[in-house]
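Some notes on the structure that comes next.
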Amino acid sequence: MCKTWFRRLRCSRIIFVVAAAMLAVIAFWAIGSAPAGLSQYSKPNIVFILTDDLDAKSIKYLPRLRSLMIDRGTTFEHFFVTNSLCCPSRASILTGQYAHNHGVLTNQPSNGGYRKFHYTGKESSTIATWLKAEGYRTMLAGKYLNGYRGAEPLGVPPGWDEWYAAREDGAYSNIFYYINENGRLVGYFSWPEDYLTDVIARKATDFIQRTATDTRPFFLYLATYAPHLPATPAPRHENEFPNTTAPRSPSFNEEDIGDKPEWVRRRTLLTPGEIREIDDLYRRRLQSLLAIDDMIERIIRLLEVQNQLSNTFVFFTSDNGFHMGEHRLTPGKETAYEEDIRVPLIVRGPGVPAGRTVEQLTLNIDLAPTFAELGGARSPETVDGLSLVPLLSTGVPSVNAWRKEFLVEHWMSGQSEVPQHSGLRTQYYLYVEYVTGERELYDLRTDPFELKSMHDSAPRVLIRELAERLDALRQCKAATCRTR
């Protein structure tokens with residue numbers, strides 16, 4: 001007992017030291033491996049900008065993305081989607097799971113689309129529910145999942161405080177569409193005021209302004225339909241890039257496709273008319289991206305004015321890539337080729353190094369656990385991805401200490417000509433197995449444009465090793481998917 005004044009003072013000092021040590025431990029646990037500079041006393045805001053069908057190469061045409069995000073943040077040079085199709089990829093972003101684990105395999109019922117995600121109960125555990133449980137205010141604006149009609153039921157999925165999800169009819173054109181606004185369908189028919197990307201930007205800035213005095217952190221999920229077909233630009237941008245053409249990489253209108261699987265070999269050389277159509281679509285895609293560029297500037301400038309930028313992470317990416325003439329393929333996605341699986345990821349935020357490039361293999365299934373760790377939420381054990389938080393600080397793990405390979409998946413859907421396949425993408429190789437029995441193998445060190453499959457000439461021991469590793473990933477779940 002501390003009965004005397006001296007003893008009381010000595011006990012007080014002991015209690016203070018113990019308390020301080022406990023607080024230090026709690027603080028360390030709270031911030032975990034968060035980037036240096038992130039306040040340990042305040043959970044950060046998170047703004048997530050998700051584009052639709054944006055290839056990695058096209059971002060060079062976005063000046064505000066360059067000046068406000070790439071120059072001020074970190075670019076993930078090797079960021080990939082695990083399924084190059086909208087709905088499976090978006091379900092992976094929401095859950096942190098490969099498609100073979102969340103079950104949304106295509107864009108349409110019965111094995112995909114919004115209905116599969118909704119009626120199998122996947123909405124009960126997403127990044128929105130995890131962050132909301134940690135006190136976050138959450139908002140979604142724009143595209144949710146393919147097949148979403150805004151009326152099945154006409155409500156708001158779990159985890160979302162504010163909900164502005166567009167119905168698909170009209171939304172892809174960015175004109176004449178409906179939005180489910182917190183359970184009420186609202187039509188947008190005024191042109192050009194109701195151009196959808198601009199409406200998403202207004203919803204975001206209105207949310208930030210309305211909640212400026214709220215001490216709770218927020219998570220904004222902003223999903224544009226641009227630059228998806230038909231790639232309708234805002235009227236103010238429809239004359240931009242008048243002479244720009246699609247990139248003519250070595251694989252564009254590939255001369256020799258004898259090494260490719262039969263579904264590619266069926267393709268004839270692109271005609272001059274088809275190439276003109278590709279160039280025209282490419283220009284429209286770039287034009288439609290400029291409204292997204294405007295949105296990025298509006299959001300970042302507003303956060304800056306409201307003194308919230310220093311405690312806000314901004315993520316920019318796409319649900320899948322897009323090929324335009326490579327390997328003679330007319331515009332589309334769903335392949336395991338680099339154009340379709342590689343997408344941009346740029347991150348700006350407190351403690352994130354400016355102008356830096358990260359080389360590690362990173363994936364769309366990594367986004368949900370990343371947001372969870374930044375927000376102090378615990379990811380479910382079902383998550384297949386890795387948190388990117390260790391890569392957002394100055395002292396990052398080496399490439400060899402990180403993931404060395406990942407799984408690429410595709411199931412047949414709709415009118416797709418791409419057969420079901422699965423692939424293993426490593427630091428050096430792309431190995432693909434098709435349901436037809438055909439195989440492809442590319443050494444990306446010597447053949448980055450995937451011009452010559454070496455499957456028939458590669459050492460059998462290499463083929464066996466890649467096939468075994470692919471088979472293991474095809475069956476992985478949770479922790480076994482996270483093996484580095």
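The values are calculated or read from the model by the stated rules, or taken from the named source; none is laboratory data. Since the structure is predicted, the reported quantities are computational estimates derived from the model, not experimental observations. Heads up, the Cβs are rebuilt from the backbone with ideal geometry, glycines too, and the neighbour counts pull from every protein chain shown.
A few points about this structure:
- All of (1) surrounded by fewer than 19 Cβ atoms within 10 Å (Cβ to Cβ); (2) small (Gly, Ala, Ser); (3) not in a loop (DSSP other than H, G, I, E, B) hold for SER393 with one exception: (3).
- Flag for ILE179 being under 24 Å from the mean Cα position of the chain (by Cα), part of a strand (DSSP E or B) and closer than 25 Å to GLN287 by Cα: yes
- Given (1) of a type in the set (Gly, Ala, Ser); (2) part of a loop (DSSP other than H, G, I, E, B); (3) modelled with pLDDT of 95 or more, number of the condition ALA212 does not satisfy: (3)
- Qualifying residue in region 335-356 (condition: surrounded by fewer than 18 Cβ atoms within 10 Å (Cβ to Cβ), in contact with a helix residue (DSSP H, G or I) (Cβ under 7 Å, 6 or more places away or on another chain) and either of a type outside the set (A, V, I, L, M) or under 23 Å from VAL199 (Cβ atoms) (or both)): no
- For the condition in a helix (DSSP H, G or I) and either crowded, with 21+ Cβ neighbours inside 10 Å or not acidic (Asp, Glu) (or both), LEU286 qualifies.
- Condition met for ILE365 (modelled with pLDDT of 95 or more, assigned to a helix (DSSP H, G or I), of a type in the set (Val, Ile, Thr) and buried (at least 22 other Cβ atoms within 10 Å of the Cβ)): yes
- Filter result for ASN307 (in a loop (DSSP other than H, G, I, E, B) and either touching an Asp or Glu at 6+ places or on another chain (Cβ under 6 Å) or at negative phi (or both)): no
- With respect to the conditions (1) assigned to a loop (DSSP other than H, G, I, E, B); (2) in contact with a strand residue (DSSP E or B) (Cβ under 9 Å, 6 or more places away or on another chain); (3) modelled with pLDDT of 95 or more; (4) over 30 Å from GLY273 (Cα atoms), ALA204 lacks only one, and its number is (1).
- Looking at THR312, THR317, just one residue is of a type outside the set (Lys, Arg), under 21 Å from the mean Cα position of the chain (by Cα), modelled with pLDDT of 95 or more and within 30 Å of PRO419 (Cβ to Cβ), and that residue is THR317.
- Failed item in (1) touching a residue at least 40 places away in the same chain (Cβ under 8 Å); (2) in contact with a His (Cβ under 9 Å, 6 or more places away or on another chain); (3) charged (D, E, K, R); (4) on the phi < 0 side of the Ramachandran plot, with GLU77 passing the rest: (2)
- No other residue among GLY159, GLY183, GLY170, GLY142 is surrounded by 17 or more Cβ atoms within 10 Å (Cβ to Cβ) and at pLDDT below 95 apart from GLY170.
- Some residue of region 58-72 being buried (at least 23 other Cβ atoms within 10 Å of the Cβ), at pLDDT 95 or above and in contact with a Pro (Cβ under 7 Å, 6 or more places away or on another chain): no
- Test: residue in region 193-211 that is basic (Lys, Arg) and free of Cβ contacts under 8 Å to residues at least 12 places away in the same chain: yes
- Picking from residues in region 230-264 that are of a type in the set (D, E, K, R) and surrounded by 13 or more Cβ atoms within 10 Å (Cβ to Cβ), the one that is nearest to ALA336 (Cα to Cα) is LYS260.
- Listing of strands (runs of 3 or more DSSP E) fully contained in region 398-484 that carry 1 or more residues being of a type outside the set (S, T, N, Q) and in contact with a Ser or Thr (Cβ under 7 Å, 6 or more places away or on another chain): 405-410, 429-434, 439-443
- Failed item in (1) in contact with an Asp or Glu (Cβ under 7 Å, 6 or more places away or on another chain); (2) farther than 14 Å from THR82 by Cα, with PRO397 passing the rest: (1)
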